[in-house]
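Taking it in order: structure first as structure tokens, then the write-up.
Throughout, read-outs are computed from the coordinates displayed, never taken from laboratory work. Keep in mind the model is a prediction, meaning the values are calculated, not measured. All Cβ positions, even for glycine, are placed from backbone atoms using ideal geometry, and neighbour counts span all protein chains on display.
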Amino acid sequence: MVGNTLDDAVEFQLALGPAGEIFREAGVDAERHREEIAAAIKAGLAPFHTEDGVYLDSSSWKVTARNPR
């Protein structure tokens, strides 16, 4: 779940992950186009919006290793 609403999910995407990093790195230019960027992200997330929130598939890995020496 990335948000209770589409607006929550957009803010989450702008704060974290690849979209958030690109947005932050773009600085003033990104802020100047914030509404346009947010609208595009919202449109991309719309198919994942349910009555229970916005859900995206995800996975994570935990990898451990030992040096045999």
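Net charge around Ala46, counting only other residues with Cβ within less than 14 Å of its Cβ (Lys, Arg = +1; Asp, Glu = -1)? Write down the numbers at each step before the final one.
Numbers: positive: Lys42; negative: Asp7, Asp8, Glu51.
Around Ala46, the surrounding residues sum to -2.
Under 5 Å from the amide H of Gly3 lie the amide H atoms of Val54, each residue being 5 or more positions distant or on a separate chain, with H modelled from the backbone and absent for Pro and chain starts.
When a/c reaches 1.5 or more, the comparison of a/b and b/c decides; with that in mind, is the chain rounded, prolate or oblate per its Cα gyration tensor? Here the chain falls in the oblate category.
Using alpha-carbon pairs under 8 Å, 6+ residues apart, how would you state the relative contact order of the chain in percent? Intermediate results must be reported in sequence, preceding the final value.
On the way: 50 pairs, mean separation 30.6, N = 69.
Reported relative contact order: 44 percent.
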